[in-house]
1. In contact (Cβ under 8 Å) with a residue 12 or more places away in the chain and more than 23 Å from the chain's Cα centre (by Cα): which single residue out of S45, S62, S22, S41 fits that description?
2. Report the residue count in region 258-269 for those that are in a helix (DSSP H, G or I) and either loosely packed, with under 13 Cβ neighbours inside 10 Å or without any contact (Cβ under 8 Å) to a residue 24 or more places away in the chain (or both).
3. Taking I85 as the residue in question, decide whether it is among the β-branched types (V, I, T), in contact with a strand residue (DSSP E or B) (Cβ under 8 Å, 6 or more places away or on another chain) and not assigned by TED's automatic domain parsing to the domain that holds G210.
4. Given F302, F241, which one is modelled with pLDDT of 95 or more and either of a type in the set (F, W, Y) or surrounded by 21 or more Cβ atoms within 10 Å (Cβ to Cβ) (or both)?
5. Against the condition more than 21 Å from D207 (Cα to Cα), in contact with a His (Cβ under 9 Å, 6 or more places away or on another chain) and not basic (K, R), how does S115 come out, does it pass?
6. Which residues, taken from region 213-223, are in contact (Cβ under 8 Å) with a residue 24 or more places away in the chain and surrounded by fewer than 21 Cβ atoms within 10 Å (Cβ to Cβ)?
7. Tell me, please, whether a residue that is within 30 Å of F282 (Cβ to Cβ), touching a residue at least 60 places away in the same chain (Cβ under 8 Å) and either surrounded by fewer than 13 Cβ atoms within 10 Å (Cβ to Cβ) or polar (S, T, N, Q) (or both) can be found in region 102-118.
8. Yes or no: A56 touching a residue at least 60 places away in the same chain (Cβ under 8 Å) and not assigned by TED's automatic domain parsing to the domain that holds D207?
Amino acid sequence: MHSYLTEETINNKTFIKQILSSANKVGGVGEIKKLIGGSKSYAFSVNDYVVRFPKAEIIWQSMQREKQIIDAIYPFLPDKYIQKIHKIELIDSSYPFSITAKFNGKICDNRENTSEVINIRTLSAAQLNKLTKNIAEFFVLLHSIDYTKLNIPPANETIDNWNVTEKNDFDYPIIRQALLKYSNNQIDLDSYKIKNFNNTHALCHNDLSGSNLLLNLNKDDVLEGIIDFANAMVIPKYLDFIPLYKMKRRLAVNVLEKYNAIADNKIEQIQLDYTILSYIGFGLSKTKEAPSPYFLKLLKWFLED
């Protein structure tokens, strides 16, 4: 039976050292530094490794799924991406955790620059161009893998579905009105509707937002690492671009442009815009009494671009 760290125990470094030492997987346990973590795990830097402790059993199962996916795609990765995607080792102890080799990079999002974060808006034009090229090449690589020959484990309920139009409570008129209201009539969803979506399926990362992109601005190839394949699944490949909107719309636009230049099966930009606007409008329609700052921020970035 597993136990899990809590907000109270994550600051007990002596206790964490005991867990790691008993596993004997990271060498002599030296300095432990808590990293910026997501909602699903507590992350620590330990020697040359990153250690992640899941917050619940369902997250531990998600970590097991992530390892299966990375192991499955590894034979298809060229050397360039083997360096950017590290394998995971799982320690199934009373307090289970994962171990990966540490990347010399920082996560990239819209927070202020810190020792762990690079604000994407501070990248130079050349750096941003290199990043978009790298992401586009990664998507082409991933989408070209014959997923029918892989044993992709089934998804669980923790995985987001970016296409809210498939939800039973998706109400187009209400969502359209929410977008008109909060954009001061600048965005009309009717203007983004297209008849023929490209619904070609592929193996997708499905969560390539800033927290899962590690950048090193001291290198010409700024994309140091790609992490968190726990949400990867076989879905329409256009959905792989949607999480990029959480960083900035222009990034998604530029990545798609470079993707279409080298991919056999192309995707229209308006298809992505319709999907993310539906997602934003759906979220705003569900929080109309107190509109969600998250969705308002996504809409603001869309309007600023």
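1. S22
2. 4
3. yes
4. F241
5. no
6. N216, L217, D220, D221
7. yes
8. No; evaluated as a whole, the condition is false for this residue.
The values are calculated or read from the model by the stated rules, or taken from the named source; none is laboratory data. Predicted model only: the values in this text are computed from it and were never measured. Because the Cβ atoms are built from the backbone with ideal geometry, glycine has one as well, and the counts that use them run over all protein chains shown.
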